[in-house]
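In what follows, a single structure is set out as structure tokens and then discussed.
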Amino acid sequence: MSFAPALRSEWMKIRTVRSLVGSLCAVVLATVVFSALAALDPGGSDFDPLFTVFFGVVFGQIAAIAFGTTAVAAEFRGGALRLSLSAVPRRGHWFAAKATAVGLPAFAVGLVTGFASLSVGRAVLGSKADGPGWTEWIRGAVGCGVYLALMALFAAGLTALLRSGVAALGILIPFLLIVSFVVGNVSGGVADFLPDKAGQVALHRAWDGSLGPWTGLAVTALWAAAALLAGAWRLCRRDA
Amino acid sequence: MTSIDVQDLTKEFGARRAVDRLTFRVLPGRVTGFLGPNGAGKSTTMRLALGLDRPTSGTATIGGRPYATLTDPLRRVGALLDAGAAHGSRTGRDHLRALAASNRIPVCRVDEMLEETGLTTVARRRVKTYSLGMRQRLGIAAALLGDPEVVLLDEPSNGLDPEGIIWIRGLLRRLAAQGRTVFVSSHLMTETASFADHLVVLGRGRLLADTPVRDFIHARVQPRVRIRTSDTDALEKALAAHGHDAVEHADGRWSVEHAHVEDIGRLLSAAGVPILELVAEEGTLEQAYLDLTASEAEFTTSTQEV
């Protein structure tokens, strides 16, 4: 049936909670600030001007994940889900509206983040930013938007699957901060296909794994889709 | 006309049967009280009727259709399940606006309902600053948002102050008078009797009674006569001769169950029993309800032991 009212309702729910709006602002702020810091002191033999400019995404994605998680987790407290599903009883329908209301703003904010990081990072880098062509810079900025939106959706799906924001963050934050840093440096093999490593290829000028920028984002998209489908499956099967 | 039809409804949570082959109808134009002790399965039944829980067997329909198949359901059915359903960081008005948007209900209804429930002054405050009573009113406002023909309220007077309880009584009566189907759960008998026309009583998931309130009172609230006399032997003899069982209490008073004061007074005076005190006592509605649910509990225990 008509999807627009459900989407409108879900978007209003996000817009009217300060912490959700705050986490979207934090995505921009954390990414731009940490990118600028990285650009202040670039160096090393494997200096990649593109990734230096988008380095802050490593931190900004935490805010994106927090956004995706809290937006969904609120439904699993105090019987909020029962009220939502009594308004929109078709559960798949409702969850699609919820995911869209998470994904679209995250993508829009991600794009803003990408282009803001790009301009700030390039300004800070100065002459060191020479090298990558305009297509590469744009690819990085758009990839940044897509990547942040996909991570928010991945977190949203995982939260619906686990029916708890604490559980979802408890898995995602250590995973991103520890596992990915440790395993991720061992390039090649399975580590390339982790949701964050795969998607972040799009933020690099050069890569040596089996995934390119767009195939990498496609792998992240598969992770997000899998999490969302699993979340939807659990939502449709369980009593609310 | 829109009724709620529950047919052979059963819901099991693991090995526990929360709702046990329940069949009843809730008809429009009257307030139906849904009574039972805590854990009797009232909330589960309501969730089943709203398609939120899936029944193990049986059906629950509203106006002949399963709830989940309704288009813009808030315009047909309004429900209050949990007072905690509103997000604490959202304002009361935003909470209702988001809900209204999902069912294409105009925003003016939001302000009308805030007015109706007495929340206009706090509408732009965040829900976490609300008292339990205010949250309950917000939940009722949400239930009435779509001007629904069917209203299901789970313990709506929870947390309301005395003024609020009087308000909700009036509101329920008004909704029924407008021809709506009003189904209200409670675990308090006297409170329910103050607004309900009809009762559905549940004990351990089973239907114990489905009857008009007046019939329930008539059939279950037994009259009792209390007597004080200076001649206990004569009293006992006179009562026994007419087949009444008299019970002596520690304070020297006697009481006769299931008897009217007119009959007892006449027969004692005819028998020449000296009377010091003769009082008609009505067993309370609450007592009748407790007796009903307690007998169910005993019944269940004894069958489990067999």
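The values are calculated or read from the model by the stated rules, or taken from the named source; none is laboratory data. Note that the coordinates shown come from a computational prediction; the quantities given were computed from them, not determined experimentally. So basically every Cβ, Gly included, is an ideal-geometry build from the backbone, and we count neighbours across all protein chains shown. Ligands, DNA and RNA are excluded from the accessible area calculation, which covers all protein heavy atoms including side chains. Shrake-Rupley method; radii C 1.70, N 1.55, O 1.52, S 1.80 Å.
Entry comment: accessible area of chain B is 45 Å² per residue, from protein heavy atoms only and a probe of 1.4 Å. Of the residues B:Pro73, B:Ala123, B:Ala15, the one whose Cα sits farthest toward the positive end of the charge dipole of the range B:1-140, with +1 on the Cβ of Lys and Arg and -1 on the Cβ of Asp and Glu, is B:Ala123.
Considering only the protein assembly as shown, what is the antiparallel percent among its DSSP beta bridges, to the nearest 5? Looking only at bridges with both residues in the protein assembly as shown, the antiparallel portion is about 65 percent. When a/c is below 1.5 the answer is rounded, else prolate if a/b is larger than b/c, else oblate, so apply that to the range A:140-194 with a ≥ b ≥ c taken from the square roots of the Cα gyration tensor eigenvalues. Taking the square roots of the gyration eigenvalues as a ≥ b ≥ c, the range A:140-194 is oblate.
Counting, for every residue in B:64-74, the Cβ atoms of other protein chains within 10 Å of its Cβ and taking the mean gives 3. Angle, helix A:213-237 long axis vs. longest principal axis of chain A, Cα atoms, 0 to 90°, nearest 10? Helix A:213-237 and the main axis of chain A meet at about 20 degrees. Reducing the range A:35-101 and the range A:123-150 to their Cα centroids gives an inter-centroid distance of 20 Å. For the range B:158-228, the relative contact order works out to 18 percent when only alpha carbon pairs closer than 8 Å and six or more residues apart are counted.
Near B:Gly84, once Lys and Arg are set to +1 and Asp and Glu to -1 for all other residues with Cβ below 9 Å from its Cβ, the sum equals +1. Exposure here means at most 16 other Cβ atoms within 10 Å; with chymotrypsin sites (Phe, Trp or Tyr not before Pro) in a DSSP loop as sites, the longest stretch of chain A lacking them is A:48-240. Angle between the Cα long axis of helix B:107-116 and the longest principal axis of chain B, 0 to 90 degrees, nearest 10? It works out to around 30 degrees.
Looking at the range B:4-215 alone, DSSP beta bridges between its own residues are antiparallel in about 50 percent of cases. Taking Cα centre as origin and charging only the Cβ of basic (Lys, Arg, +1) and acidic (Asp, Glu, -1) residues, the dipole magnitude of the range B:121-167 rounds to 480 debye. With helices as the sole contributors, chain B gives -11000 deg cm²/dmol at 222 nm; each DSSP H run of n ≥ 4 counts as -39500 (n - 2.57), and the sum is divided by every residue.
Interface B-A: total buried accessible area of about 2600 Å², 1.4 Å probe, protein heavy atoms only. Taken about its Cα centre, chain B carries a charge dipole of roughly 1940 debye when the Cβ of each Lys and Arg holds +1 and the Cβ of each Asp and Glu holds -1. For chain B, the longest principal axis of the C-alpha atoms and the axis of helix B:162-177 are separated by about 80°.
Relative contact order for the range B:4-215: 31 percent, from Cα pairs under 8 Å spaced at least 6 residues apart, divided by residue count.
What longest region of chain B stays clear of trypsin sites (Lys or Arg not before Pro) that DSSP places outside H, G, I, E and B and that have at most 14 other Cβ atoms within 10 Å? By the stated rule (loop sites, at most 14 other Cβ atoms within 10 Å), B:126-306. By accessible area, using a 1.4 Å probe on protein heavy atoms only, the protein assembly as shown has 59% of its surface on carbon and sulfur.
Which lysines have a Cα lying under 26 Å from the Cα of A:Lys13, excluding residues fewer than 8 positions away in the same chain? Excluding near neighbours in sequence, the set is A:Lys98, B:Lys128. Accessible surface calculations at 1.4 Å, restricted to protein heavy atoms, place the range A:4-237 at 40 Å² per residue.
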